[in-house]
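Please treat every number below as a calculation from the coordinates, not as lab data. Just so it is clear, the structure is predicted and the values come from calculations on it, not from any experiment. Methodologically, a virtual Cβ is constructed for each residue, glycine included, from the backbone with ideal geometry; neighbour enumeration extends over all protein chains shown.
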Amino acid sequence: MRSLLSILMILIAAQAFGQKERKHIRSGNDEYKEGKFIESEIEYKKALDKLKEGKSSFEAEFNLGDAYFKQEKYEEALNQFKSINQENLSKEQKAEVLHNIGNVHLAKKEIDKAIASYKQSLRNNPLDNETRYNLIAAMKMKEQQDQNKDQNKDQNKDQNKDQNKDQQNQDQNKQDSDGDGIPDNKEQQDNKGNKSEQEDTDGDGVPDYQDKDSDNDGIPDKQEAGENPNQPKDSDGDGIPDYRDTDSNNDGTPDSPEQQPQDDQISKEAAQRILNALNQDEQELQDEKRKIKAAPSKNIEKNW
């Protein structure tokens, strides 16, 4: 049998360990209140080190998790709260642990896990208004998150549609059946921009988008289209592009090369200039003759 003295010694030793544990917990709480979370972490760890093997301290373990959380050491905080043995805890204590686990998940943007933890906390303590408030806030965050996902999906769908349309438009813009540089979708419109795939300016049975000389004026569409075939040239501004206009400059003379002066011919303007010059020369010659006739005659003496 153990003597009374032995029993007293054991009780005194246990009390000493308990006093040292409490000392560090109190010190940790003071540091925590002052916002010194690293120092409070150290004190709570010292308190746990003073515990006898097999013993636990809910206060030290719980507060250590809080100290981790305040330092944004979320993984350490989560592991600390989960490591607390809940077997001998009251429902209120279990609720506090689950509440803080929910806070950690929320800080990590793990909203679904946070909601689950808050719900478990309320099952243990239905009267905890703070947990109920956090649950409502988390559920609203979840709702907003789902709405953002739906909006992103819709935006992605719209973006994909727009990209597909842009690609189709680019492909259409690249199509040029007659190789005249003017896109088919441009030549498949009338002069007002209305869709008209069978637009046939010269009426030869070949639609403009397949006709290299749409107005049959002898000048290729590629030449009449100008520098920007996507916006074909319209010299006289009459709304009819040159490649469809047989008198593109509206000067009364057809664009057709057959109607233009050949290299070995003289234009009307050039012929008129030449005629005017000849008439001028003739006039000067006649003036000179009149001057000679009007001059008095002179006796010429010979120097024998």
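When each of the peptides 272-284, 93-105, 27-39 is scored by the mean number of other C-beta atoms lying within 10 Å of its residues, the order from highest to lowest reads 93-105, 27-39, 272-284. The amide H of D176, built 1.01 Å from its N in the peptide plane, has D184 as neighbours under 5 Å, considering only residues 5 or more places off or on other chains. Contact order for the stretch 76-195, expressed relative to its length and based on alpha carbon pairs under 8 Å spaced 6+ residues apart, stands at 15 percent.
Under 5 Å from the amide H of Q189 lie the amide H atoms of S196, each residue being 5 or more positions distant or on a separate chain, with H modelled from the backbone and absent for Pro and chain starts. Pairs of Cα atoms nearer than 8 Å and 6+ residues apart set the relative contact order; for the stretch 177-249 it is 27 percent.
In order along the stretch 24-29, the Karplus-derived 3J(HN,Hα) couplings, from 6.51 cos²θ - 1.76 cosθ + 1.60 at θ = phi - 60°, round to 6, 5, 4, 5, x, 5 Hz, and Gly and Pro are given as x.
Distance check, please: which entries in K157/K192; K36/K113; K82/K108 exceed 23 angstrom between their Cα atoms? Among K157/K192; K36/K113; K82/K108, the Cα-Cα distance tops 23 Å for K157/K192; K36/K113. The lysines whose alpha-carbon is closer than 24 Å to the alpha-carbon of K289, local same-chain residues fewer than 8 away aside, are K298. Distance between Cα centroids, the stretch 216-249 to the stretch 57-131: provide it in whole Å. Distance between centres, Cα-based: 79 Å.
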